[in-house]
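K.L.:
Structure provided below as structure tokens; questions to follow.
The values are calculated or read from the model by the stated rules, or taken from the named source; none is laboratory data. Bear in mind that the values here come from a model prediction, so they are computed numbers and not experimental data. All Cβ positions, glycine included, derive from the backbone under ideal geometry; neighbour counts span all protein chains shown. With ligands, DNA and RNA removed, areas are computed over all heavy atoms of the protein, side chains included. Shrake-Rupley method; radii C 1.70, N 1.55, O 1.52, S 1.80 Å.
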Amino acid sequence: MARITLDHIRHAYGPNPKTDKDYALKEVDHEWTDGGAYALLGPSGCGKTTLLNIISGLLQPSHGRILFGGQDVTTLSTQARNIAQVFQFPVIYDTMTVYDNLAFPLRNRGVPEADVDRRVREILEMIDLSDWAKRKAQRLTADQKQKISLGRGLVRNDVNAILFDEPLTVIDPHMKWVLRSQLKRLHKQFGFTMVYVTHDQTEALTFAEKVVVMYEGEIVQIGTPAELFERPSHTFVGYFIGSPGMNVMPAEVAGSTVKIGSETINLGYAPKTNGAAKIELGIRPEFIRLGREGMPISISKVEDIGRQKIVRARFADQPIAIVLAEDVEIPTDARASFDLDAISIYAGSWRVGREG
Ligand code: ADP
Ligand code: MG
């Protein structure tokens, strides 16, 4: 097991990168605590797989260093780094049996056959393929093959870290849930450092102690699910976490007041904005109330989603979403008020602080 340090990592796939746009990873400087369970969350193309491959050693970064427990491993192979990696699509030996596929990583390290057998049987049970042990892997379905891949990643319990790159994409929803809880259990039992890549916020939020959010080649926030929800540090995190995501509106700040179009809100504090007057105001749909008092809005649609309803409206010439409990009545000529404590202020997309 090891603490993993990413020291000023940058990566460009093409030759002669010039601007930030040429980099798939712009600047990643981060430490993964030994034994931590992290989800790496971000939209397609933001650099998750690139970062994972750099940690495992499949890819050499253009700049920067990787350290395991303080030791520089930047030039070491995946095998020398002692890392298990599970990819989005099955990586297995088609002509071997299911059993031998799982035994391979253990036999490869010279583990005694009795231990191999015990461990393989445990994993077979976990991935629900015990009955298929003697079959050739090529005879299995795509999701069974992916389970073998997952099993191969988990079969050794002496690795420094296990990296999962969206491993459950092709697995059906129920089995996904089962495997996810098994992963959590194994993590508790063996304490390996675990990085789990996903673009699915629900998966990330239910899975990890810490969620690392990536956007356009950068880590924009690391936090618990509650922190990401309550204090998004970048407008992207606001949009991406939550359903619907945070409302973000262009606004102007003057002292402790914020103007959005013709509406003025008194924050009660003057936010630090590094001198910028033009800012963005973020408010989650859950923290807007509708009543007879407040600022004018015009409701365009109410969507019933079971225990809640989503109100789509226009406020100060901006589209806005409001989430209400299903039993809340919407008054005619409803007006909106924002929960002042839940307002976030952003300058250049980054959260700015309060100042007395
Ligand atoms: P993610 O896993 O978050 O979807 P990737 O790490 O795969 O993102 O990709 C990050 C960026 O790097 C994307 O713009 C992608 O097009 C580019 N990219 C990924 N792999 C390669 C490659 N082998 N060659 C060139 N560009 C690549
Ligand atoms: Mg990817």
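K.L.:
Compute the label zone of residue 60 within segment 9-38: residues whose backbone N is under 20 Å from the point 7 Å along Cα-to-Cβ.
P.N.:
Output list for this probe position: 9-18, 23-28.
K.L.:
Follow-up question, since we're still on this one. Leaving ligands, DNA and RNA out of it, rank 200, 317 by accessible area with a 1.4 Å probe, largest first. Display every interim value, and only then the final one.
P.N.:
On the way: 200 60, 317 125 Å².
Per-residue accessible area, sorted high to low, gives 317, 200.
K.L.:
What is the log10 of I(q)/I(0) for the chain, computed with the Debye formula using one identical point scatterer on each Cα and no solvent, at q = 0.06, 0.15 Å⁻¹?
P.N.:
Listed by q, the Debye log ratios stand at -0.30, -1.21.
K.L.:
Put +1 on the Cβ of every Lys and Arg and -1 on every Asp and Glu Cβ in segment 1-153; which of 144, 54, 83 then has its Cα farthest towards the positive end of the dipole?
P.N.:
Most positive-ward Cα: 144.
K.L.:
Accessible area of segment 286-329 with a 1.4 Å probe: how many percent of it is carbon plus sulfur? Walk me through the intermediate numbers first.
P.N.:
Numbers: 1280 of 2800 Å².
Carbon plus sulfur share of accessible area: 46 percent.
K.L.:
Further question on the same structure: Give, as ranges by residue number, the residues of segment 218-237 whose backbone N falls under 18 Å from the point 7 Å along Cα→Cβ of residue 88.
P.N.:
Those under the cut-off are 218.
K.L.:
Oh, and also: Using only protein heavy atoms and a 1.4 Å probe, report how much of residue 118 is accessible, in Å² to the nearest 10.
P.N.:
130 Å²
K.L.:
Assigning unit charges at the beta carbon (Lys, Arg +1; Asp, Glu -1) and nothing else, what dipole magnitude in debye, to the nearest 20, does the chain show about its Cα centre?
P.N.:
Details: 42 positive and 44 negative charges, 148 e Å.
So the dipole magnitude of the chain works out to roughly 720 debye.
K.L.:
Which length gain, in nm to one decimal place, applies between residue 27 and residue 326 when the Cα-Cα distance is subtracted from 0.36 nm times their residue separation? If you can, show how the numbers build up before the last one.
P.N.:
Numbers: separation 299, 0.36 × 299 = 107.64 nm, distance 4.38 nm.
Full extension from residue 27 to residue 326 adds 103.3 nm.
K.L.:
So, one more: What accessible surface, in Å², does a 1.4 Å probe find on residue 293, ignoring ligands, DNA and RNA and rounding to the nearest 10?
P.N.:
140 Å²
K.L.:
While we're here: Using heavy-atom solvent-accessible surface (probe 1.4 Å) with all chains present, what is the largest-first order of 121, 292? Before the final figure, lay out each step's value.
P.N.:
Values: 121 140, 292 165 Å².
So, going from the largest accessible area down, we get 292, 121.
K.L.:
As a test question: what accessible area, to the nearest 10 Å², does residue 96 have when a 1.4 Å probe is rolled over all protein chains in place?
P.N.:
50 Å²
K.L.:
For the chain, what is the accessible area per residue in Å², given a 1.4 Å probe and the full set of protein chains? Intermediate values should be presented prior to the final figure.
P.N.:
Details: 17060 Å² over 356 residues.
Value for the chain: 48 Å² per residue.
K.L.:
How long is the gain from residue 276 to residue 243 if the chain were fully straight, where each residue apart is worth 0.36 nm and the alpha carbon distance is subtracted? Present the calculation step by step, with values, prior to reporting the outcome.
P.N.:
Details: separation 33, 0.36 × 33 = 11.88 nm, distance 2.96 nm.
Using 0.36 nm per residue and subtracting the Cα-Cα distance, I get 8.9 nm.
K.L.:
Restricting to DSSP H runs of at least four residues, report the calculated mean residue ellipticity at 222 nm for the chain, -39500 (n - 2.57) per run over all residues, nearest 500 deg cm²/dmol. Mind dumping the intermediate values first?
P.N.:
Numbers: 9 runs with 88 residues, N = 356.
About -7000 deg cm²/dmol.
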